[in-house]
Amino acid sequence: MRKVLAIVAHDAKKEEMVQLVKAHKKELSKIDLFATRSTGQLVQAKAKLPVTLLQSGPLGGDQQIGAMIASDQVDAVIFLRDPLTSHPHEPDVSALLRLCDVHNIPLATNLASAEAILHLMAEHPEALARHPIKQFAINKE
């Protein structure tokens, strides 16, 4: 089964995302890529890889990725964030990061951690086996 990687980049980080994808094009050609609209369009145009495009981040793309995470459809997320600029959709970004934590999804927010995730996906894909969250019954005493 092919792995699924969601990619997102704030405007100031989009070129870094394109360079990252180009550097790992061979490995990423074996992975299904999903991206927020403008990030995905840049990757398609400049790296020549197929990408399933979602809405742009501010228009709900971050939430679409979050829904995929909650539905156990994503193996990892690379979200190259711009930590020096405020973003009007920051609550959506925070919710996406929280969902990665809740569902134990590997998340990279910078190039160093993105390289680590890509290495993991290429060399040890079994480490990303999906483990749905188990619901625990509350004992009433």
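Would you be able to say whether some residue in the stretch 97-115 is in contact with a Gly (Cβ under 7 Å, 6 or more places away or on another chain) and either assigned to a helix (DSSP H, G or I) or closer than 24 Å to Glu27 by Cα (or both)?
Checking the stretch 97-115: at least one residue is in contact with a Gly (Cβ under 7 Å, 6 or more places away or on another chain) and either assigned to a helix (DSSP H, G or I) or closer than 24 Å to Glu27 by Cα (or both).
Pairing residues of the stretch 1-17 that are over 23 Å from His124 (Cβ atoms) and open to solvent by less than 20 Å² (accessible area, probe 1.4 Å) with residues that are outside any loop (DSSP other than H, G, I, E, B) and among the hydroxyl-bearing types (Ser, Thr, Tyr), at Cβ distances under 6 Å and at least 6 apart in sequence or on separate chains, gives Val8/Thr39; Ala9/Thr39. Counting the residues of the stretch 18-62 that are over 18 Å from Ala108 (Cα atoms), of a type in the set (Ser, Thr, Tyr) and open to solvent by less than 10 Å² (accessible area, probe 1.4 Å) gives 0. When Val93 is tested against (1) open to solvent by less than 40 Å² (accessible area, probe 1.4 Å); (2) in a loop (DSSP other than H, G, I, E, B); (3) hydrophobic (A, V, I, L, M, F, W, C), just one condition goes unmet, and that condition is (2). Only residues that are assigned to a helix (DSSP H, G or I) and touching a helix residue (DSSP H, G or I) at 6+ places or on another chain (Cβ under 8 Å) were counted in the stretch 16-36, giving 9. If we scan the stretch 63-79, do we find a residue that is open to solvent by 10 Å² or more (accessible area, probe 1.4 Å), modelled with pLDDT of 95 or more, closer than 18 Å to Ile117 by Cβ and outside any loop (DSSP other than H, G, I, E, B)? Yes, some residue in the stretch 63-79 is open to solvent by 10 Å² or more (accessible area, probe 1.4 Å), modelled with pLDDT of 95 or more, closer than 18 Å to Ile117 by Cβ and outside any loop (DSSP other than H, G, I, E, B). Beta carbons closer than 9 Å, at least 6 apart along the sequence or on distinct chains, pair a first residue in the stretch 93-110 that is within 10 Å of Phe79 (Cα to Cα) and of a type in the set (Ser, Thr, Tyr) with a second that is open to solvent by less than 40 Å² (accessible area, probe 1.4 Å) and at pLDDT below 95 for Thr109/Leu97.
The values are calculated or read from the model by the stated rules, or taken from the named source; none is laboratory data. Not measured: the values here are computed from a predicted model. As a convention, Cβ positions derive from the backbone with ideal geometry for all residues, glycine included, and neighbour counts pool all protein chains shown. The area values use the complete protein model at the heavy-atom level, side chains included, leaving out ligands, DNA and RNA. Shrake-Rupley method; radii C 1.70, N 1.55, O 1.52, S 1.80 Å.
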